[in-house]
Amino acid sequence: MSQADTVVILDFETTGLSPQQWDRAIEIGAICIRNGEIIDQFQELMNPGFRIDGFIESYTGISNSMLAKAPCCADVMRKFSNFIGDYNLVAHNASFDKNFLDAELGRISRKYSGNFACSMLAARRLYPNAPNHKLGTLVEYANIPIDGVYHRALDDSKMTTGLWLAMLKEIKRRYDRTDIPFSLMQKLIKTPKKKVSQLLKN
DNA sequence: TGCCAGGCCCTCTTTAGGGCCTT
C-alpha cells in the first residue's frame, strides 16, 4: 500500500481531556481505508495503571473491571504504532487525538511521520448549516448509517470514517471533481470559509 | 495521579473574549 492513498481514521477513549494533566488513553479504535474502501481495523482496550472515575465509566461504557484485564498502554501502543505506520491520519477534533497519540507514543519512544487531518474542521467548512459539528450530529445530518454506539473507540472511528467518506463524496458531487488527494483535505481545513469554493473549484 | 486543557474560529477583533469540540 502506498503512503499517499491510504488513511487511518482513529479515535481514543481516555481518562480525561489532557495528557498534560495525567490523563491516559484507555482504548484505541481505528479504521484503515484505501481509495475509499475499508481494508483493515484496529481495536484494543488498554490499562492505564490506575482506576478511572465514574464519569468516564458512564461516558464510555468502559469499566474498571474491563480495564483490569486489558494489556498496558505501552503494549497496545506498540501494536498501534505498527498499525498506523507512516499513513496519514484523520480524527474528529484531531487536536485532541493527536495530543494523546503523541503523548502515548512518546512514552514508548515512538513517533509517526504521517500527516493529521481533522474531520470536524472539514465539516465546519462543508456543512456550515449543520446544527452543530459534534460527530453524532454530523452523522445524522449527512445521513450516514449508525454503526455501533457512540463513545467507544472503534464505533466512533467507524462513524468518523463514514463522515470522512461522505465529505469526499460531497466534494466530488458539489465541485465535479474526480480525485480528492489527502493534501487537498489538509488545505481545506486551513482555508477560511469564504474561500472554500475557490479552493475546491480549482 | 488527582489536576481540571487547548486549538480553532467568530466577532461587539487583532493590546480580547468566549463558544465549540474532544474524554
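Coupling constants for the stretch A:28-33 follow from the phi torsions by the Karplus curve (6.51 cos²θ - 1.76 cosθ + 1.60, θ = phi - 60°), and in residue order they are 10, x, 7, 10, 9, 10 Hz; glycine and proline get x. For A:Asp40, the residues whose modelled amide H falls within less than 5 Å of its own, excluding neighbours fewer than 5 places apart on the same chain, are A:Cys32.
In terms of other Cβ atoms within 10 Å, A:Tyr141, A:Tyr87 run from fewest to most in the order A:Tyr141, A:Tyr87.
Given a cut-off of 30 Å, name the pairs among A:Lys111/A:Lys172; A:Lys79/A:Lys194; A:Lys134/A:Lys190; A:Lys98/A:Lys195; A:Lys134/A:Lys169; A:Lys79/A:Lys195 whose C-alpha atoms lie farther apart than that in the structure shown.
Numbers: A:Lys111/A:Lys172 33 Å; A:Lys79/A:Lys194 42 Å; A:Lys134/A:Lys190 19 Å; A:Lys98/A:Lys195 26 Å; A:Lys134/A:Lys169 20 Å; A:Lys79/A:Lys195 40 Å.
From the list (A:Lys111/A:Lys172; A:Lys79/A:Lys194; A:Lys134/A:Lys190; A:Lys98/A:Lys195; A:Lys134/A:Lys169; A:Lys79/A:Lys195), the Cα-Cα distance tops 30 Å for A:Lys111/A:Lys172; A:Lys79/A:Lys194; A:Lys79/A:Lys195.
Can you give me the angle between helix A:153-175 and the longest principal axis of chain A, using Cα atoms only, in degrees from 0 to 90, rounded to the nearest 10? Approximately 10 degrees, to the nearest 10.
What share of the DSSP beta bridges in chain A is antiparallel, in percent to the nearest 5? Present the calculation step by step, with values, prior to reporting the outcome.
Details: 17 of 24 bridges.
Roughly 70 percent of the DSSP beta bridges within chain A come out antiparallel.
With neighbour counts taken as other beta-carbon atoms within 10 Å, the residues A:Lys190, A:Lys79 rank, fewest first, as A:Lys190, A:Lys79. What is the list of residues in the stretch A:110-131 whose amide nitrogen lies under 20 Å from a point 7 angstrom out from the Cα of A:Lys194, following Cα to Cβ? Inside the label zone: A:122, A:124-129.
Comparing A:Asp156, A:Asp102, A:Asp53 in a Gaussian network model of chain A where C-alpha atoms under 10 Å apart are linked, the largest mean-square fluctuation is found at A:Asp53. Close amide H pairs (under 5 Å, H built 1.01 Å from N) link A:Leu89 with A:Val8, A:Asn115, A:Phe116, A:Ala117, residues at least 5 positions away or on another chain. Helix A:94-107 and the longest principal axis of the Cα set of chain A meet at an angle near 40°.
Each reported figure results from applying straightforward, stated rules to the coordinates on display, with no laboratory input. What you see is a predicted model, and the numbers here were worked out from it, not measured in a lab. Neighbour counts run over all protein chains shown; Cβ positions are idealised from the backbone, glycine included.
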